[in-house]
Each structure stands twice: as C-alpha cells, then as structure tokens.
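Reviewing the structure listed below.
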Amino acid sequence: MPKKIKTKNFLLGIILLILFPKLSLALTNISSCSVLDKEGETYILTADIIDSSTSYCINIQANNIILDCQNHIIDGNDNADYGIYIYRSSQQTTNITIKNCIVSDWDEANIYLYKADGNTLSLIH
C-alpha cells in the first residue's frame, strides 16, 4: 500500500508541474532576518524573530515566491524600519504570497509594498 501512495504523490507532482510550470517545489528554511532572492522559491520561517534591529528584516527581492511564517513572529525593536519589505523601482506584478505571519513593532511599517502588484496576504495578524 505505501508504494501506491508514493506513486500517486509522484504522479500528482508531475501533473502539477505540467499544468503549472512556474510552480516551485523548492523549499528554503529561514530562522532569522533574510534576503529572499530566489524566484519561484517557497521560504519557511522556522523560528520566531524577536526584537530585531535589522531595518529590512525580511527583504523580498524576487518575484513569484511564497513566505510561510508558520505562525511565527517577526518582531522589531521599535526602531528598525520594516518587518517584511517588498520594493520595486518600477511598477510590476510581483506575485508574492505572505501567509501565517505575525508581524509587529516596526518603526515604519510591519509590511511594506512599493510598486508591487498581484500579491496575496493571508492569515496576517
């Protein structure tokens, strides 16, 4: 029976890649402030970030990515500028998904988007 489940999961993965060629199966774990710069990547926050002094804590530079915080906290020290930062120099569709994040205590903005369209924010507290 387990072999059938593995085969079904493999076939489902192949079908999804055929139907959605930009779909990424790549996962990168992060546990501290980071630059997210791999297009198509899914980033998983694996620990709380508490009292960060990094002014661009999660700096999302690539398009078509997912940030899943898994209900972890991205917390600033009240002086650092941005918890999650998405900045583009010209208007574009960035297609970024941010989910399951608790973002607090940033001086300028908890989440900052500039010239970035087509994004999804869900389960943000």
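The values are calculated or read from the model by the stated rules, or taken from the named source; none is laboratory data. Just so you know, these numbers come straight off a predicted model, no measurement behind them. Reconstructed Cβ throughout: ideal geometry from the backbone, glycine too, with neighbour counts over all protein chains shown. Surface areas here come from the heavy atoms of the whole protein model, side chains and all, with no ligands, DNA or RNA. Shrake-Rupley method; radii C 1.70, N 1.55, O 1.52, S 1.80 Å.
For Val103, Val35, what's the largest-to-smallest order of accessible area, 1.4 Å probe? Mind showing how you got there, number by number?
Details: Val103 10, Val35 75 Å².
The most accessible residue leads, giving Val35, Val103.
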Could you estimate the translational diffusion coefficient of the range 33-125 from the Stokes-Einstein equation, with Rh from the Kirkwood formula over C-alpha pairs, at 25 °C and 0.890 mPa s, in whole µm²/s?
191
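Taking a ≥ b ≥ c as the square roots of the Cα gyration tensor eigenvalues, with a/c under 1.5 meaning rounded and otherwise prolate when a/b beats b/c, else oblate, which class fits the range 60-109?
Working: a/c = 3.50, a/b = 1.33, b/c = 2.63.
Because a/c hits 1.5 or more and a/b fails to exceed b/c, the range 60-109 counts as oblate.
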Return the FRET efficiency for the residue pair Glu108, Leu27: r is the Cβ-Cβ distance, R0 is 30 Å, and the value is rounded to the nearest 0.05.
0.50
For Leu113, Leu27, Leu121, give the ranking by accessible area with the largest first, probe 1.4 Å.
Leu27, Leu121, Leu113
Calculate one ³J(HN,Hα) per residue across the range 100-106 by plugging θ = phi - 60° into the Karplus curve 6.51 cos²θ - 1.76 cosθ + 1.60, and present them in order as whole Hz with x for glycine and proline.
6, 10, 10, 10, 8, 6, 9
Karplus (6.51, -1.76, 1.60) ³J(HN,Hα), θ = phi - 60°, over the range 77-85, in Hz, Gly and Pro reported as x
9, 6, 10, 5, 7, 10, x, 10, 10
Work out from phi, with θ = phi - 60° and the Karplus expression 6.51 cos²θ - 1.76 cosθ + 1.60, the ³J(HN,Hα) of each residue of the range 87-98, listed in order in whole Hz, and give x for Gly and Pro.
10, 10, 6, 9, 4, 7, 8, 9, 6, 10, 10, 10
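So how much slack lies between Lys38 and Asn119, counting 0.36 nm per residue of separation and subtracting their Cα-Cα distance, in nm? Before the final figure, lay out each step's value.
On the way: separation 81, 0.36 × 81 = 29.16 nm, distance 1.65 nm.
Net length gain for the segment: 27.5 nm.
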5 Å is the cut-off here: which amide hydrogens, built 1.01 Å from N in the peptide plane, fall below it relative to Val103, excluding neighbours closer than 5 in sequence?
Ile74, His125
Mind listing the long-range amide H neighbours of Thr97? Cut-off is under 5 Å, sequence gap 5 or more, other chains count too, H placed in the peptide plane at 1.01 Å from N.
Ile65, Ile66, Leu67, Thr120
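Quote the charge dipole size of the range 24-122 about the Cα centre in Debye, to the nearest 20; the model charges only the Cβ of Lys and Arg (+1) and of Asp and Glu (-1). Can you show the working numbers first?
Working: 4 positive and 13 negative charges, 88 e Å.
Computed charge dipole of the range 24-122: roughly 420 debye.
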